[in-house]
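Working notes, structure below.
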Number of protein chains: 4
Amino acid sequence: MGTKALRWERRPDERPQEILDAALTVFAERGYRNTRLEDVGEAAGVTKGAIYHYFANKEALLLRAIEQRSEEAFGRIEEIVRDKTAPVSTRLRLVVRRWFGSVTKERLAVVTLLLQGIAHEAPDAFRRWLVGGPTASMRLIATLVREGQERGEFRPDADADVAARLLVSGLLQQTVWQQYAESVPDAGVEQERLVDSALELFLHSLRPSGRSGALRLKR
Amino acid sequence: MGTKALRWERRPDERPQEILDAALTVFAERGYRNTRLEDVGEAAGVTKGAIYHYFANKEALLLRAIEQRSEEAFGRIEEIVRDKTAPVSTRLRLVVRRWFGSVTKERLAVVTLLLQGIAHEAPDAFRRWLVGGPTASMRLIATLVREGQERGEFRPDADADVAARLLVSGLLQQTVWQQYAESVPDAGVEQERLVDSALELFLHSLRPSGRSGALRLKR
Amino acid sequence: MGTKALRWERRPDERPQEILDAALTVFAERGYRNTRLEDVGEAAGVTKGAIYHYFANKEALLLRAIEQRSEEAFGRIEEIVRDKTAPVSTRLRLVVRRWFGSVTKERLAVVTLLLQGIAHEAPDAFRRWLVGGPTASMRLIATLVREGQERGEFRPDADADVAARLLVSGLLQQTVWQQYAESVPDAGVEQERLVDSALELFLHSLRPSGRSGALRLKR
Amino acid sequence: MGTKALRWERRPDERPQEILDAALTVFAERGYRNTRLEDVGEAAGVTKGAIYHYFANKEALLLRAIEQRSEEAFGRIEEIVRDKTAPVSTRLRLVVRRWFGSVTKERLAVVTLLLQGIAHEAPDAFRRWLVGGPTASMRLIATLVREGQERGEFRPDADADVAARLLVSGLLQQTVWQQYAESVPDAGVEQERLVDSALELFLHSLRPSGRSGALRLKR
DNA sequence: CATGAATGAGGATTCATTCAT
DNA sequence: GATGAATGAATCCTCATTCAT
């Protein structure tokens, strides 16, 4: 009873969010199918029954969890991109750092879930994410690259699409694999170094061949 | 009846392999947990019971399916790497093309399964693959890059580890995502172009710059 | 509907006990292996799923059913045995009557289950019962017999161990076989007569003979 | 092939018997339901398929195994009983020794199977055995006892039926429990001593009260 | 709102039985 | 006759979902 009382101090309006957070974490940890609603409940500090007050069913829970977080994942960056005064390389750095620079536990969970836990459980959600997230990002980066090429900042013969793709999916994948760093020797690299080096390499791969590029890494 | 007759024309000694192939395909398509043994049986042209003649249980089936195929996935390439007469860039091209050049339906299935289907279902197998496959490949490529740096073929200030990582995981991920190309507009690029451009960009990112040493990464 | 309503009148806290009782009965009736959890559920007025709320699995159910009942089966009798003021024969009568005098439906079920239903299904439980139940009883009776021999109440040349064994296992077996009395002509004897006569014969077999010492058993 | 050749040296006409023997043993060891036909096959040196050449199905196998052996179990003793010249006690001794004196591995298997493995698997066979075996034996012994009572050899107030029952079922049960002697401390008594002492006690329990009986144990 | 007992469909697994070889 | 691959019914067990309290 004492315990129960304690639980009640949390505002009920936070419940749904708590459940979503818990779900995200647990799904990412154990996989969607391997997670019982009871597990989610436990992680959220409620019983499984309570979940049904806020979500129609397990799949709805998954969908909402993804939806909510995957939006923030590849969020507001339009301004950065639109600011044509800055050199493309600078804008690229900003964008990529915004996306991959700091990976909180929560964001890692979403990405993991989306990248390896969902394709078969919620194919539509997965596709939607693919379109709205990675693919959009890749397209945006490709656009920036092309702008750089037009401006003469990047070499014109580079394959902008493939460059963008490799950068984004490489970084995504690596970010997820970091989690296995302990058990897989050599799998891990610091996220900071990962992003910095990735950007450096990326920009170098676009640098005009002969003359020296304008590489300045100040951050 | 006709069906039954047909079935008997296949030699029983091929059964295990047929089942493994079927399992791989179906697992990759629908996900391990979403696949009933009966589905595998159906795909292999037998009933679920028959599967138990050859495999102890569902997990053993999964494990064997992975094991068998993932071996061939990142196979013999030592010779290429050891051949110090050729320039490093040439050897890198050979190695990467060997791995990602032609992706058969079967290989695609394994990779898909491994990349997004089993991290939670068979964590050990997943880790083993990570170690034996991608990580080993990345290490190998990183080694080659360093060799190129020592030889002066590549610029010395590039981050070999990150470069290798991005290349391998980027290509892997893209290869898997190809499968969603139809439903995700713009997601797809021909595998050939993907690999060629990736290599071109990769090598360009390592090319010595006109000026040298503008960038120093910790480590 | 009516049935459903009825079901809710029973208090949920009695469920586990109801299930145990049902299990005991059904197991004894049809045998452990021949009983589906669904049968137990039916007998207890719940569905199989409900059983899993209270018991981890079928074996745990069996074990608990045995455990609970077999405890009471050969219960507290120490006092009787210790009371050295009464003649041994009196104490023996009390003890045996306590054990075999009144056999309720439930106790019969346990004994049946233990005697012919589970030696192969739960060998450990069976052995534990053998040790804690029959064997302990036999030992206790043998001890009493020896006491009687020392006191001169019984003839000293009787084999106390075998006497105890025959009495206990004979009574047990007969008790179980009573159940087949209808279909096996002549198999049955009233339990009352069985116990009374058994005691009479038992005590008579230990009574000092006129002449003494005609027989010496090794040991 | 060499192995196969060897197997063929056994005469095929012995097959059924070999299978029956194997079945009996394995059934008694592991229980009927816990035994797969493959196990029986293995024990008999054939494959499960072969069993179906000789027996319609698993139950038929069980039935035949029981039938064959349970006949010999309580076999020819009529002559002994009919020989009215010998004292009843002598005839009783002969009969009981014939039944329980030497228990071969095979006979133990039958008894075990019948006593604790079968009641639920083949109730009819079990009942038939109960009637033809133990019950018949008990009846026969009871008859002998009554004869002894009429002749004045035994005390007339003893309960012949119960005496016979206890003797037979006690001995049966003990014989089966011998098998657990190792794991159940104190459970075991040598079969020889068991039978001798049982007889001694049995006869003593029937001895006329006052005067001394004619107990002679020569064997 | 929350609980947790109860339900029942779904799927893994076992194994008696069949049958082509 | 014998083999052993294949079948499929049977049953344990899990867990999403419902609902009385």
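The values are calculated or read from the model by the stated rules, or taken from the named source; none is laboratory data. Everything numeric in this text was worked out from a predicted model, so none of it was measured. Heads up, the Cβs are rebuilt from the backbone with ideal geometry, glycines too, and the neighbour counts pull from every protein chain shown.
Could you grab the pairs with beta carbons closer than 6 Å, sequence gap of 6+ or different chains, first residue in the stretch B:94-117 and on the phi > 0 side of the Ramachandran plot and not assigned by TED's automatic domain parsing to the domain that holds B:L171, second one hydroxyl-bearing (S, T, Y) and modelled with pLDDT under 85?
Hits for this filter: zero, empty list.
So is A:A163 over 19 Å from B:F126 (Cα atoms), at the interface with chain B (Cβ under 7 Å from one of its Cβ atoms) and either touching a Pro at 6+ places or on another chain (Cβ under 7 Å) or assigned to a helix (DSSP H, G or I) (or both) or not?
In short, yes.
Restricting to the stretch A:142-160, what's the tally of residues that are within 26 Å of the chain's Cα centre (by Cα) and assigned to a helix (DSSP H, G or I)?
8
Any idea which residue in the stretch A:91-112 is modelled with the highest pLDDT, counting only those that are touching a helix residue (DSSP H, G or I) at 6+ places or on another chain (Cβ under 8 Å) and part of a loop (DSSP other than H, G, I, E, B)?
A:G101
Identify, by number, the condition in (1) under 21 Å from B:G117 (Cα atoms); (2) at pLDDT below 80 that A:R33 doesn't meet.
Only one criterion in (1) under 21 Å from B:G117 (Cα atoms); (2) at pLDDT below 80 is unmet by A:R33, namely (2).
Report, by residue number, each residue of the stretch B:27-43 that is away from DNA strand E (no atom under 11 Å from the Cβ) and surrounded by fewer than 22 Cβ atoms within 10 Å (Cβ to Cβ).
B:E29, B:E42, B:A43, listed by residue number.
Quick check on the stretch A:17-24. Is at least one of its residues more than 16 Å from DNA strand E (Cβ to nearest atom) and modelled with pLDDT under 95?
yes
So, D:V176, is that one assigned to a helix (DSSP H, G or I), more than 7 Å from every other protein chain (Cβ to nearest Cβ) and in contact with a Ser or Thr (Cβ under 6 Å, 6 or more places away or on another chain) or not?
Working: assigned to a helix (DSSP H, G or I): yes; more than 7 Å from every other protein chain (Cβ to nearest Cβ): yes; in contact with a Ser or Thr (Cβ under 6 Å, 6 or more places away or on another chain): yes.
So D:V176 passes the test.
Under 8 Å between Cβ atoms, which residue pairs at least 6 apart in sequence (or on different chains) link something in the stretch A:180-208 that is outside the structural domain of A:A164 (by TED's automatic domain parsing) and over 27 Å from A:L92 (Cβ atoms) with a partner that is part of a loop (DSSP other than H, G, I, E, B) and modelled with pLDDT under 95?
From residues that are outside the structural domain of A:A164 (by TED's automatic domain parsing) and over 27 Å from A:L92 (Cβ atoms), there are no pairs.
If you go through the stretch D:69-76 one residue at a time, do you hit one that is more than 16 Å from DNA strand F (Cβ to nearest atom) and either of a type in the set (A, V, I, L, M) or touching a Cys at 6+ places or on another chain (Cβ under 6 Å) (or both)?
Scanning the stretch D:69-76 turns up at least one residue that is more than 16 Å from DNA strand F (Cβ to nearest atom) and either of a type in the set (A, V, I, L, M) or touching a Cys at 6+ places or on another chain (Cβ under 6 Å) (or both).
If I filter the stretch A:44-53 down to residues being buried (at least 18 other Cβ atoms within 10 Å of the Cβ) and more than 9 Å from DNA strand F (Cβ to nearest atom), which single residue comes out as farthest from B:R33 (Cα to Cα)?
Filtering the stretch A:44-53 for residues that are buried (at least 18 other Cβ atoms within 10 Å of the Cβ) and more than 9 Å from DNA strand F (Cβ to nearest atom), the one farthest from B:R33 (Cα to Cα) comes out as A:V46.
Restricting attention to the stretch B:136-169, which residues are within 18 Å of A:F100 (Cα to Cα) and among the hydroxyl-bearing types (S, T, Y)?
B:S169
D:E121 versus (1) away from chain C (no Cβ under 14 Å); (2) outside any helix (DSSP H, G or I); (3) over 18 Å from D:H204 (Cβ atoms): which is the lone unmet condition?
(1)
Select from the stretch A:13-43 the residues that are within 14 Å of DNA strand F (Cβ to nearest atom), assigned to a helix (DSSP H, G or I) and more than 23 Å from the chain's Cα centre (by Cα) and list them in ascending order. Break it down into steps so the answer makes sense when it comes.
Residues of the stretch A:13-43 within 14 Å of DNA strand F (Cβ to nearest atom): A:19, A:22-23, A:26-27, A:30-43.
Filter once more, keeping what is assigned to a helix (DSSP H, G or I): A:19, A:22-23, A:26-27, A:30, A:37-43.
Within the stretch A:13-43, A:L37, A:E38, A:D39, A:G41, A:E42 meet the criteria.
Please name all residue pairs, on different chains or six or more residues apart, with Cβ atoms under 6 Å, provided the first residue is in the stretch B:136-154 and is modelled with pLDDT of 95 or more and the second residue is aromatic (F, W, Y).
Short answer, once both residue conditions are applied: B:G148/B:F154.
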